[in-house]
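Participant: Right, I'll just put the structure down here and ask away after.
The values are calculated or read from the model by the stated rules, or taken from the named source; none is laboratory data. The structure presented is a predicted model; accordingly, all values stated were derived computationally and were not measured. Reconstructed Cβ throughout: ideal geometry from the backbone, glycine too, with neighbour counts over all protein chains shown. For the accessible areas, the whole protein counts, side chains as well, though only heavy atoms, and no ligand, DNA or RNA atoms are used. Shrake-Rupley method; radii C 1.70, N 1.55, O 1.52, S 1.80 Å.
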Amino acid sequence: MADNRKANGQPANGMGGGGGGKAYEINIDNFTKRLKTLYSRWEGLKSELWGGSDVLAIATPPASEDLRYLKSSALNIWLLGYEFPETIMVFSRKQIHLLCSQRKASLLEVIKKSAKEAVDLDVVIHVKAKGHDGTDQMDSILRSIRSGDNLVLGYLSKETPEGSLLVTWSEKLKNSKIQLVDITNGLSDLFAVKDNGELTNVKKAAFLTASVMKNFVVPKLEKIIDEEKKVSHSSLMDDTEKAILEPASVKVKLKAENVDICYPPIFQSGGKFDLRPGASSNDENLYYESASVIICAVGSRYNSYCSNVARTFLIDADGMQIKAYEVLLKAHEAAIGALKSGNKVSAVYQAALSVVEKDAPELVANLTKSVGTGIGLEFRESGLNLNAKNDRVLKPGMVFNVSLGFQNLPKNDIPKNQNFSLLVADTVILGGHGPEVVTSLSSKAVKDVAYSFNEDDEEEEQPKVKKPEANVSDAFSKTTLRSDHGEINREEQRRQHQAELARQKNEETARRLAGGGNGTGDNGSVVRPSTDLIAYKNVNDLPPPRGELMIQIDQKNEAILLPIYGSMVPFHISAVKTVNNQSDTNHNSYVRIIFNFPGTPFSLPEANTLKHQGSIYVKEVSFRSKDSRHINEVVAQIKTLRRLVAARESERAERATLVSQEKLVPAGNKIRPIRLSDLWIRPAFGGRGRKIPGDLEAHVNGFRFSNSRRMDERVDIMYGNIKHVFFQPAENEMITLLHFHLHNHIMVGTKKTKDVQFYVEVMEVVQTLGGGKRSTYDVDEIEEEQRERDRKNKINMDFQSFVNRVNDLWGQPQFKGLDLEFDQPLRELGFHGVPYKATAFIVPTSSCLVELIETPFLVITLSEIEIVNLERVGFGQKNFDMAIVFKDFKRDVFRIDSIPTTSLESIKEWLDTTDIKYYESRMNLNWRPILKTIVEDPQKFIEDGGWEFLNMEASDSESEKSEESDKGYEPSDVEVESESEDDDSASESLVESEDDEEYSEDDLEEEKGKTWEELEREASNADRERGDESDSEEERRRKKMKAFGKSRSNPSSSSLPKRAKLR
């Protein structure tokens, strides 16, 4: 148990007894530096803090099993690195005297030289023989320090002498006629400001403390409450203490021998709360009924330096508890914010008090009288109490346990809930640039400490009338949601909640439209920046003629030279729209080149067109040649060059629209980046070679994906550009993935994207040789399945470990404003639907609606949704559609079609839970004119009741409204082309980059360039050459007779009545 442990310095207790133990070694550099600090602080503040003492005498008592903090032990550890029990140290202006055992004396021999160099003083070691009381050595020390009759000796008057050595020393001092003064304040000032080594110890201790709270205490409590177990506070205390003493159990890499507890962990619940630092955990069971509060406090030490964290967990909290906690949290942040160099300590308390007085004056009387203390080698450093009376000045290097709470707040008549208390505590280092919360790994946000475990059908224990003084934030009480049988009618509750959401949504939309915020999006077409592409600046740059007039390809200048009327005329490759070749029956080959020219449908106005409006343009040219091989080479070279130039210009245009981002700051050599290896990326880099896996690393301000083989394939994702980030482990899928949805586009290779995904395939593609069926009990088959399961579990664990480490990184104060955390899809809420062209499994998360397996990816932010309209909802329908209307009315409505009706109730429940207003309709609506009407006349939209025109119940009561809605009907299986698609097609580059699109465009242009007569004549010639014209005619006649035979229906079948279709 923790009660049987000494507080100050677990390494030193071993010195008191025999035994080998480990080899102790004093850090000479620390000793020299700190001895100088001791003498300089003593001389500088001799009268203010040290009582005017001429000599300092520090007597350390014997080792004890009790948990206690002593300044004598603290000085030993601070100066020498270890606690030296039963040791007397006397500091004078001439010498330093040490009285101890022989074993300690041999260890202290090394400081003699350092003390001489540091403060020019000799260290005199007096060895006390075993079994002696040390009287002779004490007399020798007192004779040495006497310099006159007015000698003032400083000692620790509040520490009671223990053991024969210290009792004898105390009597000697009292009988020596030396003036004695207390030096507690001097030592407190000495320990107040920590050096870098001390701060490192505090940070390590704080990391361990926060990790225990996050990785052990919180999961432990959640499991107990979820499984409704009965566990006592004292049992939780013992388990948590074991977790502290075994850092590896909470994923902390610290040596167990350097770790200890600050105090026995504290667990309180059930209405009995004590917010004093000396509180303890009782033997009562954890109480976690509705509106209950659980307070947990954990403190750990590393190399004897303390840290502390305390959290309050709210179980099914009501409005009053939430409000009180939010005020407490705000006051706690204000207190931390007031920890600035130069401020007085009292300003910290005043900052917290001001928040409470402003936001909840009725809680001022319940606020703790102090908001914390200094912390370090002692859990509570005297002289650094954060209260209203302390006027000491804050300095960089100080460390505080900022702890404040509300004591005994009144609740209700339930016995164990009559009073409740709230407590929040963190370890904070005052740095040169402000405070640093080193226990921030353990979250204290409301969303992370408030739990809701009540089921919807849970019966109330007290069917009493509501008290008028109860502060309830819900719009409807549970008593109004009961059916005749006393149970909650879920559908009625959802209907009332949706009615309240409709009211709030109409008010919100009215405010936004009235303020001109009808949408910030821009769905207009994106005009490409056009540049003048010039092949040759003057005639002299043309390549020399080759003698024969033939088509030439100039790869260097990206041009083609065509022989026209005996001269070589250059054209830049961007002027070519399509090129193709064909042959006739006389073995002649033709090449046909069609150019871009003004006036073609859907073409954008180019800069050159506007400059030369009176110019004449060549539409197309054709050449004939007997050399078919040469024609084929020319066409292939033109297409290749055209594709390369088009890809380059397209990438250049895409990059021109990118938002500039900050540069990635790589992690230093001392801090290794968090890495996840052997990943594939989507969208993939260009190139026809086999895809190569790479590594994802988390650096100072962003992620970097790269591989060692292709250094140019590198993607940087800045933390500030991440809008949403998801982790989806493989369950029924073939991949485990990390998905990043960004604020602004980035380039992945030559692709512009807002969604970047990194994934690993958890199953390998295996082809069974022989093709026969294998037995269910086939050993090889079973082993193969087991290997696949092991591989999947290992990959999921590797991803989970990476996610946890990155979440811990994002929990640091510098990333607080980004509010980043990996979100995980909630599969149990998923449903099937068609978001684009194929059926996919769409899954909600805490903040989004996503589909991350099939491309294109789907990521919809819930906070950007205005309303959801469930369409084609009616009796007998197997499927329905979901129309998502965004708050930005210029953004197209997003449709998810063909959702099974079996998912309707779960989707409505999910939408209601996430406070999204939904409507139902029996038909599909044409949303473009609806949104256009709203944007053009928002006042009329508001006056007509806002979104209530979608209310199916209201529309059914008026026939004219149904007639109006019929006008907007469109079948669900008819895809409406969006404006964005039209704009994209109008603004795409002159030449597609894919080969299949290239050829389809060529065929289209070829058909446009020939009449029907020409095409028919070519087809007849081709048939005549093959000699199968008669066969084709015979085939056509045979097919016609076959079709005629099928059209003659069977009389018996025709007499059967047709089955009526359900509309």
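Participant: Can you give me the accessible area per residue for region 163-261, using a 1.4 Å probe, in Å²? Please report the intermediate quantities before stating the final value.
Facilitator: Details: 4560 Å² over 99 residues.
Per residue, region 163-261 has 46 Å² of solvent-accessible surface.
Participant: Same structure again: How many angstrom lie between the Cα centre of region 704-748 and the Cα centre of region 28-93?
Facilitator: 55 Å
Participant: Sort out for me the Cα centre separation of region 816-840 from region 310-366, rounded to whole Å.
Facilitator: Region 816-840 and region 310-366 have Cα centres spaced 36 Å from each other.
Participant: Okay, next question. In whole Hz, with x marking every Gly and Pro, tabulate ³J(HN,Hα) for region 806-811 from phi via Karplus 6.51 cos²θ - 1.76 cosθ + 1.60, θ = phi - 60°.
Facilitator: Karplus-based 3J(HN,Hα) across region 806-811 equals 5, 4, 5, 4, 5, x Hz.
Participant: Scan around Asn924 for amide H atoms under 5 Å from its own, H built in the peptide plane at 1.01 Å from N, and keep only partners 5 or more places away or cross-chain.
Facilitator: Amide H neighbours of Asn924, under 5 Å, 5+ apart: Arg872, Glu970.
Participant: How many nm is it between the label spots at Ala636 and Ser47, if each spot is 7 Å from the Cα in line with the beta carbon?
Facilitator: Going from the Ala636 label point to the Ser47 one covers 10.1 nm.
Participant: In sequence order, what are the phi-derived ³J(HN,Hα) couplings for region 436-449 according to the Karplus relation 6.51 cos²θ - 1.76 cosθ + 1.60 with θ = phi - 60°, rounded to whole Hz, with x for glycine and proline?
Facilitator: 3J(HN,Hα) across region 436-449, in whole Hz: 10, 7, 8, 10, 5, 4, 8, 6, 10, 5, 4, 5, 9, 10.
Participant: Another question, if that's okay. Can you send over the solvent-accessible area of Lys369, 1.4 Å probe, protein chains only, in Å² to the nearest 10?
Facilitator: 150 Å²
Participant: Using a Förster radius of 41 Å, what is the FRET efficiency between Thr168 and Ala248 based on their Cβ-Cβ separation? Nearest 0.05, please. Mind dumping the intermediate values first?
Facilitator: Numbers: r = 45 Å, r/R0 = 1.11.
The formula returns an efficiency of 0.35 here.
Participant: So, for region 673-754, what is the accessible surface per residue at a probe of 1.4 Å, expressed in square angstrom?
Facilitator: Averaged over the residues of region 673-754, the accessible area is 45 Å².
Participant: Under 5 Å between amide hydrogens, which residues at least 5 positions from Leu67 or on another chain qualify, with H placed 1.01 Å from N in the peptide plane?
Facilitator: Arg5
Participant: Rounded to the nearest 0.05, what FRET efficiency is calculated for Val119 and Arg143 with R0 set to 30 Å and r the Cβ-Cβ distance? Don't skip to the end; give the middle numbers.
Facilitator: Numbers: r = 22 Å, r/R0 = 0.73.
Between Val119 and Arg143 the formula returns 0.85.
Participant: Give me the net charge for the shell around Glu117: Cβ to Cβ below 13 angstrom, other residues only, Lys and Arg +1, Asp and Glu -1. Show your work: numbers first, answer last.
Facilitator: Values: positive: Lys33, Lys36, Lys112, Lys113, Lys116; negative: Asp29, Asp120, Asp122.
Taking every other residue near Glu117 into account, the sum is +2.
Participant: Report the local net charge at Tyr305: Lys and Arg +1, Asp and Glu -1, summed over other residues whose C-beta lies under 11 Å from its C-beta.
Facilitator: Values: positive: Lys194, Lys203, Lys204, Arg301; negative: Glu198, Asp260, Glu378.
Residues near Tyr305 contribute +1 overall.
Participant: How large is ³J(HN,Hα) for each residue in region 194-201, as worked out from phi by the Karplus curve 6.51 cos²θ - 1.76 cosθ + 1.60 (θ = phi - 60°), to whole Hz, x for Gly and Pro?
Facilitator: Once rounded to whole Hz, the list reads 8, 8, 4, x, 5, 5, 4, 4.
Participant: Please work out whether region 44-179 counts as rounded, prolate or oblate from its C-alpha gyration tensor, where a ≥ b ≥ c are the square roots of the eigenvalues and a/c under 1.5 means rounded, while otherwise a/b larger than b/c means prolate and anything else oblate?
Facilitator: rounded
Participant: At 1.4 Å probe size, with no ligands or nucleic acids counted, give the accessible surface of Thr913 in Å², nearest ten.
Facilitator: Looks like 90 Å² after rounding.
Participant: Under a 1.4 Å probe, what is the accessible area of region 271-418 per residue, stated in Å²? Spell out each step's value before the answer.
Facilitator: Numbers: 5460 Å² over 148 residues.
It amounts to 37 Å² per residue over region 271-418.
Participant: In whole Å, what are the extents of region 294-410 along the principal axes defined by its C-alpha atoms, from largest to smallest?
Facilitator: 41, 29, 19
Participant: Now a separate question. Using a Förster distance of 22 angstrom, determine the FRET efficiency expected from the C-beta separation of Glu228 and Glu326, and round it to 0.05.
Facilitator: Values: r = 28 Å, r/R0 = 1.29.
Step by step, r from the Cβ atoms, then E = 0.20.
Participant: Going by the alpha-carbon gyration tensor, a ≥ b ≥ c the square roots of its eigenvalues, is region 775-926 rounded (a/c under 1.5) or, if a/c is not under 1.5, prolate (a/b greater than b/c) versus oblate? Write out the running numbers ahead of the final one.
Facilitator: On the way: a/c = 2.74, a/b = 1.29, b/c = 2.12.
Judged from the Cα gyration tensor, region 775-926 comes out oblate (a/c at least 1.5, b/c at or above a/b).
Participant: Give the peptides 498-504, 344-350 in descending order of average Cβ contacts within 10 Å, highest first. Let's see the in-between values first.
Facilitator: Numbers: 498-504: 16.1, 344-350: 21.1.
Order by mean packing, descending: 344-350, 498-504.
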